[in-house]
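A.B. asks: Quick one: the structure is below, and I'll ask about it shortly.
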Amino acid sequence: MSFLPNSNDDIRLMCNEIGVNSVEDLFVDIPSSVKNPQIQLPSPLSEQEALYSILRTGNTNKKVCSLVGAGIYHHYVPAVVDHLASRSEFYTAYTPYQPEVSQGTLAAIFEFQTYMCKLTGMDIANASMYDGATALAEAVLMAVRTTKKNTVLCSASVHPHYRQVLATYAWASDISLQIVPYKNGTTDYQELSHIIHDTVACVIVQSPNFFGVIEDVAKVVQIAHQHKALCIATFTEAMSLGLLKSPGECGADIVCGEGQSFGNYPACGGPLLGILACKKEFMRNIPGRLIGKTVDEEGRDAYVMTLQTREQHIRRERATSNICTNEGLCALRATIYLSLVGNRLQELSRTNHAAASYCLEKLVALGYERVFDVPFFNEFVIKINNAKDIRSKLINNGYALGIPLEEYYPELSDCLLITATECTTQDDVDTLVKLLQTI
(Lines give C-alpha, C1' and ligand atoms only; values in the text may rest on other atoms or scores of the structure.)
Protein backbone atom coordinates (compact mmCIF):
# COMPACT_ATOMS: atom_id res chain seq x y z
CA MET A 1 0.00 0.00 0.00
CA SER A 2 1.44 3.37 -1.01
CA PHE A 3 1.22 6.35 1.31
CA LEU A 4 2.27 8.81 -1.40
CA PRO A 5 -0.31 10.83 -3.33
CA ASN A 6 -1.06 8.87 -6.50
CA SER A 7 -3.28 11.26 -8.47
CA ASN A 8 -3.68 14.94 -9.18
CA ASP A 9 -6.78 14.94 -6.98
CA ASP A 10 -4.79 13.49 -4.07
CA ILE A 11 -2.13 16.15 -4.55
CA ARG A 12 -4.71 18.95 -4.62
CA LEU A 13 -6.36 17.62 -1.47
CA MET A 14 -3.01 17.42 0.30
CA CYS A 15 -2.06 20.97 -0.72
CA ASN A 16 -5.44 22.35 0.36
CA GLU A 17 -5.15 20.60 3.73
CA ILE A 18 -1.76 22.10 4.56
CA GLY A 19 -2.51 25.51 3.04
CA VAL A 20 -0.27 25.70 -0.05
CA ASN A 21 -1.13 26.16 -3.70
CA SER A 22 1.16 23.50 -5.15
CA VAL A 23 3.82 20.94 -4.25
CA GLU A 24 6.45 23.40 -5.53
CA ASP A 25 5.49 25.77 -2.69
CA LEU A 26 6.95 23.24 -0.25
CA PHE A 27 10.41 23.83 -1.72
CA VAL A 28 10.54 27.62 -2.04
CA ASP A 29 13.40 27.81 0.51
CA ILE A 30 15.71 25.82 -1.78
CA PRO A 31 17.77 28.20 -3.99
CA SER A 32 16.95 27.86 -7.67
CA SER A 33 20.66 27.50 -8.43
CA VAL A 34 20.73 24.05 -6.82
CA LYS A 35 17.47 22.80 -8.28
CA ASN A 36 17.89 20.58 -11.31
CA PRO A 37 14.59 19.14 -12.56
CA GLN A 38 16.26 17.90 -15.77
CA ILE A 39 18.22 15.07 -14.15
CA GLN A 40 18.55 12.18 -16.60
CA LEU A 41 18.98 8.90 -14.77
CA PRO A 42 20.42 5.90 -16.61
CA SER A 43 18.39 2.76 -17.12
CA PRO A 44 18.48 0.27 -14.22
CA LEU A 45 21.26 -2.34 -14.04
CA SER A 46 21.26 -5.87 -12.74
CA GLU A 47 23.31 -6.64 -9.64
CA GLN A 48 26.13 -8.11 -11.72
CA GLU A 49 26.16 -5.17 -14.13
CA ALA A 50 26.15 -2.69 -11.25
CA LEU A 51 29.12 -4.44 -9.61
CA TYR A 52 31.16 -4.40 -12.83
CA SER A 53 30.31 -0.74 -13.38
CA ILE A 54 31.53 0.14 -9.87
CA LEU A 55 34.74 -1.85 -10.38
CA ARG A 56 35.45 -0.14 -13.72
CA THR A 57 34.93 3.28 -12.13
CA GLY A 58 37.11 2.35 -9.14
CA ASN A 59 39.98 1.30 -11.40
CA THR A 60 40.12 4.82 -12.85
CA ASN A 61 40.65 6.43 -9.42
CA LYS A 62 43.97 8.11 -8.72
CA LYS A 63 45.64 8.26 -5.34
CA VAL A 64 45.64 11.82 -3.99
CA CYS A 65 47.89 13.08 -1.22
CA SER A 66 45.57 15.26 0.86
CA LEU A 67 46.80 18.35 2.65
CA VAL A 68 43.21 19.34 3.36
CA GLY A 69 41.71 19.53 6.84
CA ALA A 70 39.54 22.44 7.93
CA GLY A 71 37.27 20.37 10.15
CA ILE A 72 37.62 16.83 8.77
CA TYR A 73 41.00 15.16 9.05
CA HIS A 74 42.89 12.24 7.56
CA HIS A 75 44.33 10.20 10.43
CA TYR A 76 45.43 6.59 10.44
CA VAL A 77 42.76 4.21 11.76
CA PRO A 78 44.18 0.94 13.16
CA ALA A 79 42.57 -2.23 11.79
CA VAL A 80 41.42 -3.29 15.26
CA VAL A 81 38.98 -0.34 15.30
CA ASP A 82 37.22 -1.63 12.20
CA HIS A 83 37.21 -5.20 13.54
CA LEU A 84 35.79 -4.48 17.00
CA ALA A 85 33.32 -1.83 15.86
CA SER A 86 31.83 -4.24 13.32
CA ARG A 87 31.03 -6.95 15.88
CA SER A 88 27.30 -7.58 15.95
CA GLU A 89 26.86 -6.91 19.68
CA PHE A 90 27.97 -3.32 19.02
CA TYR A 91 27.06 -2.75 15.42
CA THR A 92 23.38 -3.61 15.71
CA ALA A 93 22.74 -1.60 18.88
CA TYR A 94 20.99 1.74 18.52
CA THR A 95 19.67 3.40 21.66
CA PRO A 96 20.09 1.30 24.82
CA TYR A 97 16.68 1.94 26.36
CA GLN A 98 16.65 -1.48 28.03
CA PRO A 99 19.76 -1.68 30.22
CA GLU A 100 19.27 -5.37 30.98
CA VAL A 101 20.08 -6.22 27.34
CA SER A 102 22.39 -3.28 26.55
CA GLN A 103 25.21 -3.52 29.09
CA GLY A 104 27.93 -3.77 26.44
CA THR A 105 26.77 -0.66 24.59
CA LEU A 106 26.18 1.27 27.82
CA ALA A 107 29.64 0.35 29.11
CA ALA A 108 31.24 1.56 25.85
CA ILE A 109 29.34 4.86 25.98
CA PHE A 110 30.31 5.31 29.64
CA GLU A 111 33.97 4.88 28.67
CA PHE A 112 33.50 7.38 25.82
CA GLN A 113 32.14 9.95 28.29
CA THR A 114 35.09 9.29 30.60
CA TYR A 115 37.62 9.85 27.81
CA MET A 116 35.93 13.07 26.74
CA CYS A 117 35.97 14.40 30.30
CA LYS A 118 39.68 13.63 30.66
CA LEU A 119 40.59 15.21 27.32
CA THR A 120 38.47 18.36 27.72
CA GLY A 121 39.07 18.84 31.46
CA MET A 122 35.33 18.91 32.13
CA ASP A 123 33.26 17.15 34.80
CA ILE A 124 30.52 15.77 32.53
CA ALA A 125 30.28 14.73 28.88
CA ASN A 126 27.18 13.58 27.03
CA ALA A 127 26.83 10.86 24.41
CA SER A 128 26.59 12.44 21.96
CA MET A 129 25.84 15.02 19.25
CA TYR A 130 25.55 14.90 15.46
CA ASP A 131 28.76 16.81 14.75
CA GLY A 132 30.90 19.69 15.97
CA ALA A 133 28.68 22.37 14.44
CA THR A 134 25.45 21.21 16.09
CA ALA A 135 27.36 20.57 19.32
CA LEU A 136 28.35 24.24 19.31
CA ALA A 137 24.79 25.36 18.58
CA GLU A 138 23.45 23.20 21.42
CA ALA A 139 26.16 24.54 23.73
CA VAL A 140 24.97 28.08 22.99
CA LEU A 141 21.33 27.16 23.69
CA MET A 142 22.55 25.61 26.93
CA ALA A 143 24.39 28.83 27.89
CA VAL A 144 21.34 30.96 27.08
CA ARG A 145 19.10 28.75 29.23
CA THR A 146 21.59 28.87 32.09
CA THR A 147 22.28 32.61 32.13
CA LYS A 148 18.81 33.80 31.04
CA LYS A 149 20.56 36.15 28.57
CA ASN A 150 20.23 36.09 24.80
CA THR A 151 23.31 37.84 23.35
CA VAL A 152 26.16 35.66 22.10
CA LEU A 153 29.64 36.76 21.03
CA CYS A 154 31.49 34.48 18.61
CA SER A 155 35.04 34.90 17.35
CA ALA A 156 35.47 35.31 13.60
CA SER A 157 38.21 32.68 13.81
CA VAL A 158 35.61 29.99 14.61
CA HIS A 159 35.02 27.61 11.68
CA PRO A 160 32.75 29.43 9.15
CA HIS A 161 30.46 26.38 8.78
CA TYR A 162 30.00 26.24 12.54
CA ARG A 163 29.08 29.92 12.53
CA GLN A 164 26.55 29.32 9.73
CA VAL A 165 24.83 26.56 11.70
CA LEU A 166 24.91 28.72 14.82
CA ALA A 167 23.37 31.64 12.93
CA THR A 168 20.44 29.43 11.90
CA TYR A 169 19.88 28.28 15.49
CA ALA A 170 20.19 31.88 16.73
CA TRP A 171 17.65 33.17 14.20
CA ALA A 172 15.16 30.48 15.19
CA SER A 173 15.70 31.04 18.91
CA ASP A 174 15.65 34.86 18.97
CA ILE A 175 19.31 35.03 19.99
CA SER A 176 21.43 38.03 19.07
CA LEU A 177 24.66 36.73 17.52
CA GLN A 178 27.61 39.13 17.20
CA ILE A 179 30.93 38.30 15.54
CA VAL A 180 34.18 39.41 17.19
CA PRO A 181 36.89 40.20 14.60
CA TYR A 182 40.24 38.45 14.48
CA LYS A 183 43.69 40.02 14.49
CA ASN A 184 46.86 38.25 13.27
CA GLY A 185 45.03 34.94 13.18
CA THR A 186 43.55 35.02 16.68
CA THR A 187 40.53 36.61 18.33
CA ASP A 188 40.96 40.36 18.76
CA TYR A 189 40.96 40.23 22.56
CA GLN A 190 41.06 44.01 22.90
CA GLU A 191 37.98 44.42 20.70
CA LEU A 192 36.25 41.65 22.65
CA SER A 193 36.88 43.60 25.88
CA HIS A 194 35.31 46.69 24.30
CA ILE A 195 32.12 45.12 22.97
CA ILE A 196 31.25 42.65 25.74
CA HIS A 197 28.57 43.75 28.21
CA ASP A 198 26.54 42.34 31.08
CA THR A 199 23.72 41.02 28.89
CA VAL A 200 26.05 38.62 27.03
CA ALA A 201 25.26 34.97 27.71
CA CYS A 202 28.51 33.49 26.40
CA VAL A 203 31.67 34.06 24.41
CA ILE A 204 32.77 31.43 21.86
CA VAL A 205 36.40 30.76 21.02
CA GLN A 206 37.94 27.95 18.97
CA SER A 207 41.41 26.56 19.66
CA PRO A 208 43.14 25.60 17.48
CA ASN A 209 40.97 27.93 15.46
CA PHE A 210 39.97 27.75 11.79
CA PHE A 211 43.40 29.09 10.78
CA GLY A 212 45.10 26.37 12.85
CA VAL A 213 46.27 28.98 15.36
CA ILE A 214 46.29 28.29 19.10
CA GLU A 215 44.07 30.79 20.93
CA ASP A 216 44.53 32.18 24.45
CA VAL A 217 41.44 30.49 25.89
CA ALA A 218 42.30 31.58 29.43
CA LYS A 219 42.23 35.23 28.34
CA VAL A 220 38.79 34.82 26.74
CA VAL A 221 37.58 33.11 29.93
CA GLN A 222 38.82 36.04 32.01
CA ILE A 223 37.06 38.60 29.82
CA ALA A 224 33.82 36.59 29.77
CA HIS A 225 33.71 35.97 33.51
CA GLN A 226 34.28 39.65 34.28
CA HIS A 227 30.85 40.24 32.75
CA LYS A 228 29.21 37.12 34.24
CA ALA A 229 29.16 35.43 30.83
CA LEU A 230 30.10 31.82 30.15
CA CYS A 231 33.00 30.81 27.93
CA ILE A 232 32.39 28.11 25.32
CA ALA A 233 35.59 26.58 23.94
CA THR A 234 35.20 24.62 20.72
CA PHE A 235 37.55 22.69 18.45
CA THR A 236 37.52 20.90 15.09
CA GLU A 237 40.75 18.91 15.44
CA ALA A 238 40.33 16.58 18.43
CA MET A 239 43.92 15.35 18.04
CA SER A 240 45.08 18.67 19.49
CA LEU A 241 43.59 17.67 22.87
CA GLY A 242 46.47 15.23 23.25
CA LEU A 243 49.04 18.02 23.29
CA LEU A 244 47.50 21.34 24.28
CA LYS A 245 46.33 22.42 27.72
CA SER A 246 42.73 21.31 28.08
CA PRO A 247 39.95 23.91 27.80
CA GLY A 248 38.86 22.96 31.33
CA GLU A 249 42.31 23.79 32.70
CA CYS A 250 41.97 27.18 30.98
CA GLY A 251 38.70 27.80 32.83
CA ALA A 252 36.15 27.16 30.05
CA ASP A 253 32.59 26.47 31.23
CA ILE A 254 31.40 24.42 28.25
CA VAL A 255 33.53 22.53 25.72
CA CYS A 256 32.29 21.23 22.38
CA GLY A 257 33.74 20.12 19.10
CA GLU A 258 34.29 17.43 16.51
CA GLY A 259 35.61 13.95 17.40
CA GLN A 260 36.01 12.53 13.87
CA SER A 261 39.80 12.45 14.24
CA PHE A 262 39.52 9.62 16.76
CA GLY A 263 39.07 6.38 14.83
CA ASN A 264 36.62 7.67 12.21
CA TYR A 265 37.44 8.03 8.52
CA PRO A 266 36.92 11.31 6.62
CA ALA A 267 34.43 9.30 4.49
CA CYS A 268 33.65 12.14 2.04
CA GLY A 269 32.48 14.35 4.90
CA GLY A 270 30.61 12.10 7.32
CA PRO A 271 29.23 10.70 9.50
CA LEU A 272 30.71 12.84 12.23
CA LEU A 273 30.87 12.78 16.02
CA GLY A 274 29.83 15.77 18.10
CA ILE A 275 31.38 16.21 21.54
CA LEU A 276 29.76 18.25 24.31
CA ALA A 277 31.07 18.51 27.88
CA CYS A 278 30.59 20.93 30.75
CA LYS A 279 31.10 21.68 34.42
CA LYS A 280 28.92 19.69 36.81
CA GLU A 281 26.78 22.69 37.77
CA PHE A 282 25.33 22.68 34.25
CA MET A 283 24.37 18.99 34.34
CA ARG A 284 20.61 19.60 34.19
CA ASN A 285 20.98 21.76 31.08
CA ILE A 286 23.16 19.50 28.94
CA PRO A 287 21.25 17.89 26.04
CA GLY A 288 21.48 14.29 24.93
CA ARG A 289 22.13 11.36 27.24
CA LEU A 290 24.30 10.72 30.26
CA ILE A 291 25.27 7.14 31.05
CA GLY A 292 25.84 6.34 34.72
CA LYS A 293 27.53 3.47 36.56
CA THR A 294 25.87 1.70 39.48
CA VAL A 295 25.52 -1.85 40.85
CA ASP A 296 22.77 -4.44 40.43
CA GLU A 297 21.05 -6.51 43.15
CA GLU A 298 24.03 -8.83 43.32
CA GLY A 299 26.58 -6.02 43.64
CA ARG A 300 27.90 -6.30 40.09
CA ASP A 301 28.80 -3.25 38.00
CA ALA A 302 25.83 -2.06 35.96
CA TYR A 303 25.31 0.80 33.53
CA VAL A 304 22.14 2.82 32.99
CA MET A 305 20.89 5.90 31.20
CA THR A 306 20.65 8.45 34.02
CA LEU A 307 19.60 11.76 32.47
CA GLN A 308 17.51 11.72 29.30
CA THR A 309 16.39 15.28 28.66
CA ARG A 310 15.36 14.87 25.03
CA GLU A 311 11.90 15.71 23.78
CA GLN A 312 10.83 12.04 23.47
CA HIS A 313 11.29 11.51 27.19
CA ILE A 314 9.67 14.61 28.67
CA ARG A 315 7.21 17.25 27.53
CA ARG A 316 8.51 18.99 24.43
CA GLU A 317 8.47 22.47 25.98
CA ARG A 318 10.71 21.28 28.81
CA ALA A 319 13.24 19.43 26.63
CA THR A 320 16.80 20.71 26.47
CA SER A 321 17.16 19.60 22.86
CA ASN A 322 15.26 18.08 19.95
CA ILE A 323 18.30 16.25 18.64
CA CYS A 324 16.89 12.75 18.70
CA THR A 325 19.74 10.40 17.91
CA ASN A 326 23.10 9.35 19.27
CA GLU A 327 26.18 8.92 17.10
CA GLY A 328 26.75 5.66 18.98
CA LEU A 329 28.83 3.80 16.41
CA CYS A 330 31.13 6.81 15.85
CA ALA A 331 31.48 7.19 19.63
CA LEU A 332 32.28 3.49 19.91
CA ARG A 333 35.01 3.81 17.27
CA ALA A 334 36.48 6.80 19.11
CA THR A 335 36.46 4.81 22.36
CA ILE A 336 38.22 1.81 20.82
CA TYR A 337 40.76 4.13 19.18
CA LEU A 338 41.56 5.99 22.40
CA SER A 339 41.75 2.73 24.35
CA LEU A 340 44.31 1.48 21.84
CA VAL A 341 46.36 4.68 21.59
CA GLY A 342 46.33 5.37 25.34
CA ASN A 343 49.15 7.57 26.59
CA ARG A 344 50.68 7.62 23.10
CA LEU A 345 48.10 10.22 22.11
CA GLN A 346 50.54 12.96 23.14
CA GLU A 347 53.27 11.43 20.98
CA LEU A 348 50.85 11.16 18.08
CA SER A 349 49.83 14.80 18.54
CA ARG A 350 53.50 15.84 18.48
CA THR A 351 53.93 13.91 15.23
CA ASN A 352 51.07 15.93 13.72
CA HIS A 353 52.70 19.19 14.74
CA ALA A 354 56.10 18.04 13.44
CA ALA A 355 54.63 17.08 10.05
CA ALA A 356 52.93 20.47 9.71
CA SER A 357 56.08 22.30 10.80
CA TYR A 358 58.17 20.46 8.20
CA CYS A 359 55.65 21.28 5.48
CA LEU A 360 55.55 24.95 6.49
CA GLU A 361 59.34 25.16 6.54
CA LYS A 362 59.64 23.77 3.01
CA LEU A 363 56.93 26.04 1.60
CA VAL A 364 58.43 29.15 3.17
CA ALA A 365 61.82 28.13 1.73
CA LEU A 366 60.20 28.22 -1.71
CA GLY A 367 59.36 31.87 -1.13
CA TYR A 368 55.72 31.54 -0.11
CA GLU A 369 54.44 33.83 2.63
CA ARG A 370 53.37 32.56 6.04
CA VAL A 371 50.31 34.66 6.79
CA PHE A 372 50.02 34.30 10.58
CA ASP A 373 53.35 34.06 12.38
CA VAL A 374 51.92 32.63 15.60
CA PRO A 375 51.86 29.18 17.27
CA PHE A 376 49.80 26.52 15.47
CA PHE A 377 49.02 22.81 15.79
CA ASN A 378 48.77 20.97 12.46
CA GLU A 379 47.28 23.64 10.18
CA PHE A 380 48.64 26.92 8.89
CA VAL A 381 47.87 29.59 6.27
CA ILE A 382 50.15 30.23 3.29
CA LYS A 383 49.82 32.94 0.63
CA ILE A 384 50.59 31.76 -2.90
CA ASN A 385 50.16 33.96 -5.97
CA ASN A 386 47.55 32.46 -8.31
CA ALA A 387 46.73 29.96 -5.57
CA LYS A 388 43.62 28.57 -7.28
CA ASP A 389 45.42 27.89 -10.56
CA ILE A 390 48.36 26.24 -8.83
CA ARG A 391 45.99 24.18 -6.68
CA SER A 392 44.16 22.96 -9.80
CA LYS A 393 47.42 21.91 -11.45
CA LEU A 394 48.49 20.06 -8.30
CA ILE A 395 45.22 18.14 -8.22
CA ASN A 396 46.05 16.77 -11.67
CA ASN A 397 49.37 15.63 -10.24
CA GLY A 398 47.88 13.85 -7.24
CA TYR A 399 48.00 16.56 -4.56
CA ALA A 400 45.13 18.36 -2.83
CA LEU A 401 46.82 21.47 -1.45
CA GLY A 402 44.73 23.07 1.26
CA ILE A 403 41.48 25.02 1.32
CA PRO A 404 41.14 28.44 -0.41
CA LEU A 405 40.13 30.96 2.26
CA GLU A 406 38.86 33.80 0.09
CA GLU A 407 35.31 32.41 0.04
CA TYR A 408 35.08 32.74 3.82
CA TYR A 409 37.46 35.67 4.36
CA PRO A 410 37.61 38.00 1.31
CA GLU A 411 40.67 39.74 2.73
CA LEU A 412 42.64 36.47 2.49
CA SER A 413 42.79 36.20 -1.30
CA ASP A 414 45.36 33.72 -2.67
CA CYS A 415 45.61 32.20 0.81
CA LEU A 416 45.37 28.47 1.48
CA LEU A 417 44.71 26.66 4.75
CA ILE A 418 47.10 23.70 4.66
CA THR A 419 46.93 20.66 6.93
CA ALA A 420 49.40 17.90 7.72
CA THR A 421 48.87 14.88 9.98
CA GLU A 422 50.77 11.72 10.90
CA CYS A 423 49.65 10.42 7.49
CA THR A 424 51.72 13.14 5.76
CA THR A 425 55.24 11.82 5.18
CA GLN A 426 58.42 13.74 4.44
CA ASP A 427 58.44 12.13 0.99
CA ASP A 428 54.95 13.55 0.39
CA VAL A 429 56.16 17.05 1.24
CA ASP A 430 59.41 16.74 -0.73
CA THR A 431 57.51 15.57 -3.82
CA LEU A 432 55.09 18.47 -3.38
CA VAL A 433 58.00 20.91 -3.31
CA LYS A 434 59.39 19.48 -6.55
CA LEU A 435 55.99 19.81 -8.22
CA LEU A 436 55.67 23.42 -7.07
CA GLN A 437 59.13 24.20 -8.46
CA THR A 438 58.14 22.87 -11.88
CA ILE A 439 54.80 24.66 -11.84
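A.B. asks: Could you look through the stretch 180-204, keep only residues that are of a type in the set (Val, Ile, Thr) and within 18 Å of residue 141 (Cβ to Cβ), and pick out the one that is surrounded by the fewest Cβ atoms within 10 Å (Cβ to Cβ)?
C.D. replies: Filtering the stretch 180-204 for residues of a type in the set (Val, Ile, Thr) gives 180, 186-187, 195-196, 199-200, 203-204.
In the following step, the residues that additionally are within 18 Å of residue 141 (Cβ to Cβ) were identified as 199-200, 203-204.
Details: 199: 14, 200: 23, 203: 28, 204: 29.
Restricting to residues being of a type in the set (Val, Ile, Thr) and within 18 Å of residue 141 (Cβ to Cβ), the top hit is 199.
A.B. asks: For the stretch 374-390, check the following and say yes or no: at least one residue is touching a residue at least 40 places away in the same chain (Cβ under 8 Å) and part of a helix (DSSP H, G or I).
C.D. replies: The answer is yes, given that some residue of the stretch 374-390 is touching a residue at least 40 places away in the same chain (Cβ under 8 Å) and part of a helix (DSSP H, G or I).
A.B. asks: Does residue 271 qualify as being surrounded by fewer than 22 Cβ atoms within 10 Å (Cβ to Cβ) and either touching a residue at least 40 places away in the same chain (Cβ under 8 Å) or touching a helix residue (DSSP H, G or I) at 6+ places or on another chain (Cβ under 7 Å) (or both)?
C.D. replies: yes
A.B. asks: Any residue in the stretch 286-304 that is within 17 Å of residue 101 (Cβ to Cβ) sitting within a Cβ distance under 6 Å of a residue that is assigned to a strand (DSSP E or B) and among the aromatic types (Phe, Trp, Tyr)? List the pairs, counting only those 6 or more apart or interchain.
C.D. replies: Filtered contacts from the stretch 286-304: 291/303.
A.B. asks: Just one of (1) open to solvent by 40 Å² or more (accessible area, probe 1.4 Å); (2) in the same structural domain as residue 216 (by TED's automatic domain parsing); (3) among the hydrophobic types (A, V, I, L, M, F, W, C) trips up residue 395, so point out which.
C.D. replies: Looking at each condition in turn, residue 395 falls short on (2).
A.B. asks: On the basis of being open to solvent by 40 Å² or more (accessible area, probe 1.4 Å), at pLDDT below 95, acidic (Asp, Glu) and over 21 Å from residue 236 (Cβ atoms), does residue 414 make the cut? Quick ask: steps written out before the conclusion?
C.D. replies: On the way: open to solvent by 40 Å² or more (accessible area, probe 1.4 Å): yes; at pLDDT below 95: no; acidic (Asp, Glu): yes; over 21 Å from residue 236 (Cβ atoms): yes.
No: the conditions fail for residue 414.
A.B. asks: In the stretch 126-152, how many residues are open to solvent by less than 20 Å² (accessible area, probe 1.4 Å), modelled with pLDDT of 95 or more and outside any helix (DSSP H, G or I)?
C.D. replies: 2
A.B. asks: Here is a list of conditions, (1) outside any helix (DSSP H, G or I); (2) hydroxyl-bearing (Ser, Thr, Tyr); (3) free of Cβ contacts under 8 Å to residues at least 60 places away in the same chain, and residue 114 meets all of them except one; can you say which number that is?
C.D. replies: Only one criterion in (1) outside any helix (DSSP H, G or I); (2) hydroxyl-bearing (Ser, Thr, Tyr); (3) free of Cβ contacts under 8 Å to residues at least 60 places away in the same chain is unmet by residue 114, namely (1).
The values are calculated or read from the model by the stated rules, or taken from the named source; none is laboratory data. All values derive from a computational prediction rather than experimental measurement. Note that each Cβ is placed from the backbone with ideal geometry, even for glycine, and that neighbours are counted across all protein chains shown. Areas reflect the complete protein model, heavy atoms only, side chains present, ligands, DNA and RNA absent. Shrake-Rupley method; radii C 1.70, N 1.55, O 1.52, S 1.80 Å.
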